[in-house]
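*Asks:* Dumping the structure here so I can ask a few things about it.
Coordinate-derived values only; no laboratory data. These figures come from a predicted structure and were not determined experimentally. When we count neighbours, we look across all protein chains shown, and the Cβ atoms used for this are built from the backbone with ideal geometry, even at glycine.
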Amino acid sequence: MAITREQARELLDAVPDDRLADVAAALEPLVDPMLVMLMNAPEDDETLTDEDLAAIAEGKADIERGDIVSANDMKRRFGIA
């Protein structure tokens with residue numbers, strides 16, 4: 001179905017303000033080149049190795065113990081916050 005920008009804008013104008021975040025979430029992947037690339041990437045079909053499974057288990061154990069660092073703390077540590 002072909003749609004013009006004017007028709008798209010009319011639809012956007014009809015969206016209630018409290019739903020604009022939903023519109024942004026739906027549109028962002030269509031205009032962000034990285035997200036477009038990720039959406040079009042082939043599915044990873046490799047099986048997990050024993051090493052992968054051990055690393056996942058270790059990470060889950062860290063989380064259960066509370067042995068984690070927040071993303072904000074990491075950003076501060078690396079001076080990108």
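*Asks:* For residue 67, work out the one condition from (1) exposed (fewer than 10 other Cβ atoms within 10 Å of the Cβ); (2) not in a loop (DSSP other than H, G, I, E, B) it doesn't fulfil.
*Replies:* So residue 67 meets the others, but not (2).
*Asks:* Would you pick out the residues in the stretch 40-64 that are acidic (Asp, Glu) and assigned to a loop (DSSP other than H, G, I, E, B)? First the steps, then the outcome.
*Replies:* So the first thing to find is which residues in the stretch 40-64 are acidic (Asp, Glu), and the list is 43-46, 50-52, 58, 62, 64.
Passing the criteria: 43, 44, 45, 46.
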